[in-house]
Every structure is written in structure tokens, then in C-alpha cells.
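A short write-up of the structure that comes next.
The values are calculated or read from the model by the stated rules, or taken from the named source; none is laboratory data. Since this is a predicted model, take the numbers as computed values, not measurements. Cβ atoms come from the backbone with ideal geometry, glycine included; neighbour counts cover every protein chain shown.
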Amino acid sequence: MKRYLYNLPQEIKFLKNIFFFLLCSYAFMAQSQTIIKGKISENKTNEAIPFVNVTILGTSQGVQSDVNGNFTITVKEYGSGKVQFSSVGYRNEIKPFKKDVTQTISIRLTSTTQNLSEVVVKGKKEKYRNKDNPAVALIRKVIDHKDDNRKEGLEYYQYEKYEKLQLDLSNIDDAYKNKKIFKNFQFIFDNLDTAKLTGKVSLPLYLKETVSDVYFRKSPKEEKSYIKGEKKVGLEQFLDNNGMGAYLNRMYEDVNIYDNNISLLSQQFISPISPLSPTFYRFVILDTLQHDGVKCINLGFSPRNQADFAFVGTMYVAMDSSYAVRRIKMGVPKNINLNFVMGMEIEQEFQPTTDKFLMLAKDEIMIEFNLFKTENSRGVIGKRAVSFRNYKLNNPIDNEYFKPIQKNVLTENAYGRDEIFWNQARHQQLSKVETNIYQMADSIQKVPAFKRAMKIAGLFLFGYSEFGTFEIGPVNTFYSFNPVEGLRLRLGGRTMAKLNPRLYFETYMAYGFKDERWKGFGALTYNLGKNSIYEFPNNYLRVSYQDEVRIPGQELQFVQEDNFLLSFKRGVNDKMTYNKVLRVDYRKESRSGISYEIGLKNLSQEAAGSLTFEKVGKLDGIPITDKSVTSTELSFNLRFAPNEQFYQGKNYRIPIINKYPIFQARYTLGIANILNSGYNFHNITLRANKRFFISPIGFTDVTAEGGRIFGKVPYPLLMIHRANQSYSYQLESYNLMNFLEFVSDQYAGLFVDHYFNGFFFNKIPLVKKLKLREIITFKALYGSLSDKNNPNVNPDLYKFPTNEEGQVLTHSLSNGPYMEASIGIGNILKFFRVDLVKRLSYLDNPQVSEYGIRGRFKMDF
């Protein structure tokens with residue numbers, strides 16, 4: 001693979017170096033710099049000390065050590081030539097430093113506070129007790145009073161919120177900057193900055209600004225955010241800019257320390273103010289001090305288990321009857337079971353409003369991402385800063401503000417605001433560095449080499465490559481194989497919005513070398529919406545025709561069925577159909593989460609491979625065999641997904657799962673005597689799925705579905721339950737069920753997946769260093785088949801398929817539910833999951849396995 005990359009054109013080398021987290025990555029300029037880095041630890045215990053102030057004496061320069069005691073500072077003013085290390089509860093230390101070199105200065109500070117040794121990133125070996133511990137008594141006071149101090153305790157509140165989200169590339173040296181591939185991009189190095197989190201020189205490359213009005217009422221509880229303006233670095237021609245913004249919003253959710261659990265990076269962290277916090281945290285009183293004229297206790301906290309999803313930091317607790325948090329600063333331990341995160345810092349400050357109630361005045365979070373989590377490798381630093389103004393508390397708010405279904409309401413023209421609006425809306429003006437991010441992004445997209453590199457990126461990452469106004473792809477379907485077609489080659493593509501923003505054409509042709517048969521697809525779509533048909537929300541009318549080979553009953557989500565990786569299957573799977581499908585569909589989506597689709601479909605299924613459509617009864621002793629089964633169907637699909645967000649790919653969507661449920665209902669009417677259709681029937685299906693967060697033991701994904709068919713139909717039109725004979729683990733299929741193994745005309749299914757996020761592995765020495773995560777699943781399927789649709793009772797129907805020995809392969813669920821369960825290990829090498837699946841019922845069916853091992857690729861934090 002390395003040799004292959006070495007021989008690629010310069011554009012791919014450029015892409016390999018500049019493309020990180022779907023963004024361009026760049027380099028920083030460092031000329032004869034003075035850089036000081038090191039680690040600060042406690043003198044007696046050698047444990048790391050977080051949040052130590054590191055300052056250059058005689059100047060205003062300074063940084064703080066991270067939660068692991070590490071620091072890096074780039075010296076711009078030399079001052080006295082000495083660096084000072086200071087922290088509450090420790091004696092100050094001063095050390096000289098050298099100019100124009102990179103140097104390491106590691107310091108051990110001596111404690112001046114008796115209890116301080118207990119608040120370290122790794123707990124001391126001495127016995128720590130909650131009983132008779134004044135720090136624990138204090139945090140319990142904070143917990144007892146948190147309903148009085150959290151803003152959600154108010155009857156009403158409203159305010160204006162301004163948010164900046166910035167991504168910087170960091171930790172790149174001169175050697176990287178001077179590579180030939182950056183020859184045409186030297187202007188990007190004119191906008192360098194120093195990252196507050198690491199003290200390293202960084203290059204800002206992405207900026208997103210949002211200004212919104214927030215409204216809250218206590219009863220019935222509702223909070224709505226009206227987005228008045230949103231502006232971000234424009235990369236629409238290369239990426240789903242809105243989807244990327246949604247993904248970043250999910251990563252950087254609002255942190256409410258008074259919640260029991262804090263959502264961050266798609267994970268749930270135990271809050272240090274949760275009722276469970278005395279069980280999962282260690283607390284220590286560090287000092288008493290004055291903060292904004294209020295006497296406070298500086299309370300330190302760190303997790304008992306450094307691998308758990310919990311924080312380490314300090315909080316200022318007001319020493320009055322309120323026990324309110326006035327300030328909090330926290331991060332994550334070095335050994336936390338969290339991928340790609342080198343460091344994190346969250347800082348919040350609360351100040352009284354004119355109503356004397358404490359509200360957020362400062363809310364900042366910085367996270368350093370690094371693929372390999374090593375000091376010398378390049379990474380990305382994400383910074384989110386939020387400011388607030390125009391607080392109004394306990395003033396009744398008109399009910400009109402709470403009528404929208406979605407939590408975040410996008411107002412008209414929010415994406416198209418001009419600079420006059422932004423100059424007034426920003427709570428503080430952009431710095432020169434921030435302003436230049438927009439300019440740099442515009443400039444780099446005009447460079448031909450960058451455009452070529454991004455086209456190559458589109459081919460590898462999204463499966464399509466542009467040729468003028470036409471895209472060729474998806475590439476993962478160009479080559480595949482199956483028992484019916486043998487080797488299969490496919491080539492296709494589609495027009496782009498720049499050819500015609502209203503009319504789109506998509507097509508492909510495929511050929512199987514074993515069946516020597518051509519397949520194909522063609523679709524013409526008329527766009528009725530403002531966006532491209534490949535962007536949310538959809539609003540289009542489509543006419544399509546497809547001639548294709550399919551496995552009956554299999555509808556894979558987010559992937560093409562002729563995907564090369566899915567060509568590898570276990571067991572015999574040569575019972576397929578040649579499907580000829582003529583469709584007319586209208587699809588309408590809305591930001592409220594309500595979407596619907598109306599469709600008219602004519603489907604002709606011709607038996608392929610070893611599959612036959614032979615009736616039970618015979619005519620004059622001769623088997624009655626039909627070549628195909630034809631149906632004409634009118635359908636209506638309704639979907640309700642409040643607050644749903646996803647990243648929109650070129651030919652699929654990646655959902656950004658949140659706590660809100662999703663409901664779907666579908667009705668299909670089968671109409672006989674239209675376009676050779678022979679069947680009248682009604683098909684109703686219902687489906688709901690939701691994620692339940694159960695911190696600290698992870699989360700559970702639950703999907704329930706059911707359906708019923710009214711009418712007499714042959715088995716190809718029954719509910720053929722989703723099976724999986726590939727070696728990949730499929731979330732919403734039955735992984736040890738064979739294709740065509742079970743059919744029903746009424747059914748109910750349940751999928752339950754629980755992710756422990758390392759809750760048990762984190763407590764096993766040595767094993768916890770692997771950062772593995774436990775998964776358990778259970779799947780059940782209840783169903784039945786009425787006599788009118790059972791070929792064993794009704795001779796007018798087609799026989800169920802059989803194998804070469806004459807054994808029946810398709811069954812009803814007459815002997816109870818089909819069930820399977822699995823235990824899995826996830827986060828293997830950060831990307832891989834392996835499950836041991838056990839089939840619990842119908843073990844006597846032909847050609848089935850009781851156990852199976854399945855794998856799945858997944859990258860997550």
C-alpha cells in the first residue's frame with residue numbers, strides 16, 4: 001500500500017497531507033522559535049498536576065498545564081528569561097530558559113496544603129473515604145441545591161446566544177511546511193496563531209458562527225432556539241457543509257454542569273454534580289478564596305477510575321446558602337477510554353444578572369484531536385466559544401415561540417446574512433486571524449491543484465469522480481460477484497446540479513459473465529426544492545426503471561447491494577430474482593422532522609439461479625411453473641424524526657444519532673389487473689427506534705417494528721425477513737438467519753443493542769490499556785402465516801424453495817419466535833468490532849449455524 005501511494009500523482013500526495021477530518025490540513029511557520037515544554041508533577045507522589053499556571057516573568061505570556069500536567073509555550077517576549085510555575089496549594093517554582101531553542105523543563109511542585117495530594121489525575125494509594133470527608137459533604141450540598149441554581153428551575157428565561165466554532169491544525173514543523181506539494185499554497189501560512197490549549201503554533205482552517213435567540217418555559221417544559229444567522233467556511237462544492245456543521249454541533253453540545261450526564265463527542269460523561277458523583281469521583285478542598293467579591297471554596301475533583309467517562313478539574317463553590325458553582329474548569333484524564341482526543345479543557349463562569357440569578361457568562365471548550373495520540377504527530381484543535389446577552393428571566397413568553405416541533409428553528413435567510421447583519425450581531429468582533437479564515441478558504445478553492453486533489457478525494461471518500469457536469473460512480477459497485485451472475489462489472493454515473501439544478505439524470509449498466517445478462521437503471525428526477533436532490537431536505541418527483549438481480553427480502557441500509565465487500569457470503573445463496581421495476585415517486589422532507597413519500601411501483605420478479613415459482617398443485621400431473629410474479633403497488637410512507645441530523649454523503653446518509661425517537665409508518669396497496677399485476681392486497685408496517693442513554697453504563701439502541709398483510713399473495717410478496725449471510729455484522733438484520741428462511745403475513749420484531757463503553761474492561765488491569773468496549777445484543781422475531789398464504793394449505797400458491805436434497809428452506813414462525821443474541825468487543829484498534837453470535841431457536845432448520853463470528857468497521861470517539 002505504501003508503494004502504491006508513493007507512485008500516485010502529486011495531487012494525491014497533496015491530499016494525503018492536507019486532508020484531515022474532511023478538511024484541508026496545513027502547516028505552521030516556525031523560525032528560530034523559543035519553545036518550552038514539559039510536565040508538572042507533585043514532588044512526593046510524582047503524580048501529574050493539572051491547571052498549573054506557566055508564565056514568562058516580566059511579560060503577560062502564559063499557559064496552563066493540561067489535565068495530565070503537560071504544557072507547551074511558544075515564547076514571543078523573553079522578559080526576564082525565566083519561567084514561573086504556580087498553582088493554588090503549591091510553592092511557586094522559577095526556572096531560567098534558553099533562547100531560540102526547543103527545550104524541556106519538567107517541574108515537581110511541593111504541596112502547601114494537607115489535602116491537596118488527594119486531587120490528582122491518578123488517585124493515591126492511601127485509602128480514600130467518602131465518610132467524614134468535608135469535600136464530599138460539600139459536593140453533596142451542591143447537589144442538594146442544584147435545582148435551585150440551574151436555570152431550568154426558572155419559570156421562563158430568554159437570551160441571545162453567539163457561538164464561534166473553530167478548527168485549527170497544529171504541531172507541524174518547518175520540514176512539513178517546506179514540502180514541494182505546498183509550493184502553490186504558501187499564502188496559507190500568513191494566518192498563523194498560537195493554540196491556548198497546547199501553546200503550539202497552529203493554522204486556523206475552519207470557522208462557523210451562529211447567533212440565535214433562546215426561549216425556555218418550565219411548564220410544559222420546552223426550549224427552542226431560533227437561529228437568526230449562521231455563517232461558515234464555504235466548502236459546499238466538496239463537502240456537505242450543513243451536514244458537517246451538524247456533526248460538529250453534535251460533538252460540541254452545550255455543556256450543562258447541573259445535568260446528571262453531559263453529552264460530548266457523542267458520549268455521555270458523568271457530571272461532577274451528579275447524585276452519583278461521590279461514587280465515581282474523588283473530591284478535595286484545595287483552598288478558600290474570593291471570586292467576584294464572593295467567598296468560595298476551590299473544590300478539586302477527579303474520577304476514581306481514570307478510564308471512565310468522567311472529568312478532572314476544579315470548581316468554585318459559593319460559601320453562602322446557595323452553594324452555587326461560580327466557576328468550573330475541567331478536562332479529561334489521560335487514560336480515559338476515548339479515541340483520538342489528546343486533551344480537553346472546558347471552562348464556564350456564572351455571573352448574576354440584574355435579577356440576581358446566576359447565569360452563564362462564559363462558556364468555552366477546547367479539544368485537541370490526534371489520530372495517533374502522540375505528541376509529535378499532527379492534530380486538529382477544536383475551539384467553541386459562546387457568549388450571552390439580553391437575559392430576561394421569569395418574563396412570560398408567548399406560546400407561539402414553542403409551537404415548532406424541532407428544537408432548533410432555522411429562520412428565513414439565516415444562511416444568507418450580509419456583513420451589516422454580522423457586524424451588529426457579533427458579541428465581539430472577529431480577530432484578524434478569524435477574519436482571514438474566510439478569505440483563505442475562498443482563495444485556496446481557486447487553486448487548480450486543490451481542485452484536482454478534492455476531485456480525487458471525492459472518488460476515494462464518496463465514491464464519485466467528477467467529469468465536467470457528470471459524476472462517475474459509485475466505485476465500490478464497479479466490481480462484485482454472486483452465484484447467479486458470477487463476475488459482475490458495473491459502470492454508472494449521474495448529472496450534477498451545475499448542469500441543471502431542476503433536472504437530474506442517473507444511470508448505470510452492469511453485466512454478469514455467468515448468466516451473460518445485462519442489467520441497468522435509469523432515473524429522471526425533477527427537483528421541486530431549493531437544494532440539490534442530494535441534500536436535505538428533499539423535495540422531488542422521480543421516474544425510474546431498473547432491471548436488476550436481487551436477493552428476495554433484502555433491503556440493505558446505506559450501502560449498495562452489489563458492494564464488493566458484501567459479495568463474500570457464507571453458505572448457499574443462489575436463490576435470487578431478476579427484478580424489473582418501474583417507479584414513480586414523490587418525496588417531501590421538512591426541517592420539522594416530518595417527511596413523507598408517495599410511490600407507484602410495478603414490480604416483475606423473475607426466478608433466477610436455483611429459485612423456481614412452482615405451484616403446489618399440478619395440472620394433469622404436470623408441475624405448474626410461472627416464470628415471474630408481477631405486482632402493481634401504490635404506497636404512502638410517513639416518517640417523523642424530531643431534531644434528526646445527519647451527514648449527507650453522495651449516495652447515502654450517515655445519521656447523527658441523538659436521544660430523540662424516530663417513528664415510521666408505511667401503507668402499501670396492491671392493485672390487480674394493472675400492468676399485468678395479479679394481486680390485490682394491503683400491507684401495513686410500523687417502526688420505531690430510539691437511543692437510551694444509561695450513564696455510566698453506556699447506552700442502548702432499541703428498534704421495534706411490526707406489520708401485517710391483508711390479502712392472498714405468493715411468498716415473494718410476503719414479508720421476507722431480513723437475513724444476513726455475509727461476514728459483516730448488520731445492525732438491523734438477523735445475522736444467523738439464512739436468506740428466504742422465514743416469511744410471514746403478520747410479524748413483530750425487536751432489536752436491542754447495548755454498548756457498555758468499556759464499563760467492565762476499564763476495571764481490569766492491563767486490559768483497560770487496550771480501551772476495549774463491551775457490546776451485547778438481542779434480536780427477536782415473532783410472526784405467523786395465515787392459511788390463505790400458506791402453500792402447505794393452499795395449493796394455488798407457490799411451493800416454498802427447497803435445496804438439492806428436497807428439504808424445505810423457507811418456513812413460517814409457527815414454533816415460537818426466532819431469537820439470536822451476541823456478545824461483542826468493540827473499539828479494537830479504534831476501528832473494529834467483533835461479535836460472537838448465537839442462534840437461540842429453529843436450530844433444526846436445514847443449513848443453519850448455531851454460532852457465527854461477525855465483524856464490523858466503525859470509527860467513533
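Here is how the numbers come out for the structure above:
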read-out	value
Residue list for the stretch 520-567, restricted to those being under 25 Å from the mean Cα position of the chain (by Cα), among the aliphatic types (A, V, I, L, M) and either in a loop (DSSP other than H, G, I, E, B) or modelled with pLDDT of 85 or more (or both)	Ile533, Leu556, Val559
Residue check for Leu410: surrounded by fewer than 18 Cβ atoms within 10 Å (Cβ to Cβ) and under 25 Å from Arg591 (Cβ atoms)	yes
Extreme residue, modelled with the highest pLDDT, among residues of the stretch 198-217 that are touching a Gly at 6+ places or on another chain (Cβ under 9 Å) and of a type in the set (Val, Ile, Thr)	Val211
So Ser321, is it out of contact with any strand residue (DSSP E or B) (no Cβ under 9 Å at 6 or more places or on another chain) and polar (S, T, N, Q)	yes
Phe613 being modelled with pLDDT of 90 or more and over 23 Å from Asn527 (Cα atoms)	yes
Positions within the stretch 707-727 being among the small types (Gly, Ala, Ser) and either closer than 18 Å to Pro791 by Cβ or surrounded by fewer than 17 Cβ atoms within 10 Å (Cβ to Cβ) (or both), in sequence order	Gly711
Every residue from the stretch 372-392 that is touching a Phe, Trp or Tyr at 6+ places or on another chain (Cβ under 6 Å) and at negative phi	Gly379, Val380, Arg384, Ser387, Phe388, Tyr391
Hits in the stretch 666-688 (condition: surrounded by fewer than 18 Cβ atoms within 10 Å (Cβ to Cβ) and either in a loop (DSSP other than H, G, I, E, B) or among the polar types (S, T, N, Q) (or both))	Ile671, Ala672, Asn673, Ile674, Leu675, Asn676, Gly678, Asn680, Thr685
Leading residue by the ranking (farthest from the chain's Cα centre (by Cα)) among those in the stretch 368-386 that are modelled with pLDDT of 90 or more and either buried (at least 20 other Cβ atoms within 10 Å of the Cβ) or closer than 19 Å to Met859 by Cβ (or both)	Val386
Matching residues in the stretch 364-394 - criterion: being closer than 23 Å to Lys334 by Cα and either outside any loop (DSSP other than H, G, I, E, B) or touching a Pro at 6+ places or on another chain (Cβ under 9 Å) (or both)	Glu364, Ile365, Met366, Ile367, Glu368, Phe369, Gly379, Val380, Ile381, Gly382, Lys383, Arg384
The one condition in (1) farther than 19 Å from Pro846 by Cβ; (2) in contact with a strand residue (DSSP E or B) (Cβ under 8 Å, 6 or more places away or on another chain) that Pro765 fails to fulfil	(2)
Single condition Gly416 does not satisfy, out of (1) modelled with pLDDT under 95; (2) within 15 Å of Tyr159 (Cα to Cα); (3) not polar (S, T, N, Q)	(2)
Failed item, numbered, when Glu345 is tested on (1) touching a residue at least 60 places away in the same chain (Cβ under 8 Å); (2) surrounded by 19 or more Cβ atoms within 10 Å (Cβ to Cβ); (3) not in a strand (DSSP E or B)	(3)
Residues satisfying the stated conditions in the stretch 61-92, i.e. closer than 23 Å to Met344 by Cβ, surrounded by 21 or more Cβ atoms within 10 Å (Cβ to Cβ) and at pLDDT 80 or above	Val63, Ser65, Gly69, Phe71, Thr72, Ile73, Phe85
Matching residues in the stretch 575-593 - criterion: being free of Cβ contacts under 8 Å to residues at least 60 places away in the same chain and polar (S, T, N, Q)	Asn579, Ser590
Of all residues in the stretch 10-60 being of a type in the set (D, E, K, R) and at pLDDT 50 or above, the one that is nearest to Lys183 (Cα to Cα)	Lys37
Residues (part of a loop (DSSP other than H, G, I, E, B) and either surrounded by fewer than 15 Cβ atoms within 10 Å (Cβ to Cβ) or at positive phi (or both)) located in the stretch 614-641	Asp620, Gly621, Lys627
Cross-chain or 6+ apart pairs with Cβ under 9 Å, the stretch 83-106 first and in a strand (DSSP E or B), then of a type in the set (Phe, Trp, Tyr)	Val83/Phe97; Phe85/Phe71; Glu93/Phe85; Ile94/Phe85; Lys95/Phe85; Gln103/Phe97
Residue under evaluation Leu813, criteria (1) over 24 Å from the mean Cα position of the chain (by Cα); (2) farther than 25 Å from Tyr727 by Cβ; (3) exposed (fewer than 15 other Cβ atoms within 10 Å of the Cβ); (4) of a type in the set (A, V, I, L, M, F, W, C), criterion not met	(3)
Of residues in the stretch 692-722 being small (Gly, Ala, Ser) and modelled with pLDDT of 95 or more, the one farthest from Ile775 (Cα to Cα)	Gly711
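For (1) farther than 30 Å from Glu163 by Cα; (2) surrounded by 13 or more Cβ atoms within 10 Å (Cβ to Cβ); (3) of a type in the set (Ser, Thr, Tyr), each residue gets a yes or a no:
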residue	(1), (2), (3)
Asn395	no, no, no
Ala425	no, yes, no
Gln429	no, no, no
Gln445	no, yes, no
Ala449	yes, yes, no
Phe481	yes, yes, no
